[in-house]
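Worksheet for the structure shown next.
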Amino acid sequence: MTTRRYLQYGAIVVVAAALSFGGAWAYRQAHQPKPVVVHEIKLLASGASPGELAIKVGETVQFNSKDGAKHLLTQGEAPAADGSVAHTAHGGGGLTSGVFKADEGYRVTFTKNGTYTFYDEFNPKTNILIVVYQPSAKAK
């Protein structure tokens with residue numbers, strides 16, 4: 001083989017390797033699991049921080065006890081002193097966290113758009129509003 005043939009062969013090998021690597025990289029990128037987006041809501045004696053949150057469908061909210069007290073989150077509007085409820089939450093589901101203690105948390109992944117309200121059975125100052133939306137195709 002002449003030097004010219006070796007150079008041509010070497011160039012082909014380099015190009016093939018680059019294409020192979022690039023294709024493998026593109027494949028890995030396309031098949032990577034999407035990162036989980038987690039928003040934190042801190043439960044404090046003074047209420048929730050933040051008390052209102054807007055998130056995308058598929059994102060997760062982690063409610064964390066930060067005040068050393070136990071919590072019991074329930075989906076819906078907190079009952080008034082007379083036991084009546086102003087209106088029910090949109091988005092339905094009737095989620096409840098169960099009791100969780102200091103330094104524990106409760107995590108919810110929202111799979112449907114809607115408006116969700118939560119209140120803490122043990123702390124009347126804790127009322128939370130979460131708006132879950134599906135971004136338009138243009139926004140992605």
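Site pair Lys101 and His39 shows an inter-label distance of 3.0 nm when each label is modelled 7 Å from Cα along Cα→Cβ.
Using heavy atoms of the protein chains and a probe of 1.4 Å, the accessible area assigned to Ser97 is about 30 Å². In order along region 36-44, the phi-based Karplus estimate (6.51 cos²θ - 1.76 cosθ + 1.60, θ = phi - 60°) of 3J(HN,Hα) comes to 7, 9, 10, 9, 9, 10, 8, 9, 10 Hz; Gly and Pro are listed as x. Between amide H atoms placed 1.01 Å from N, distances below 5 Å from Asn127 occur with Ala48, all of them 5 or more places distant or on a separate chain.
Net charge near Ser97: determine it from the other residues with C-beta under 11 Å of the C-beta of Ser97, scoring Lys and Arg +1 and Asp and Glu -1. With Lys, Arg at +1 and Asp, Glu at -1, the net is -1. For region 92-140, applying the loop criterion from DSSP together with a ceiling of 16 other beta carbons within 10 Å to the chymotrypsin sites (Phe, Trp or Tyr not before Pro) yields Phe122. Around the Cα centre of region 35-82, unit charges on the Cβ atoms of Lys, Arg, Asp and Glu (plus for the first two, minus for the last two) sum to a dipole of about 200 debye.
The values are calculated or read from the model by the stated rules, or taken from the named source; none is laboratory data. Since the model is a prediction, treat every value here as computed from it, not as a measurement. Using ideal geometry, Cβ is built from the backbone for each residue, glycine included, and neighbour counts are taken over all protein chains shown. Remember, those area values only see protein heavy atoms, side chains included, never the ligands or the DNA or RNA. Shrake-Rupley method; radii C 1.70, N 1.55, O 1.52, S 1.80 Å.
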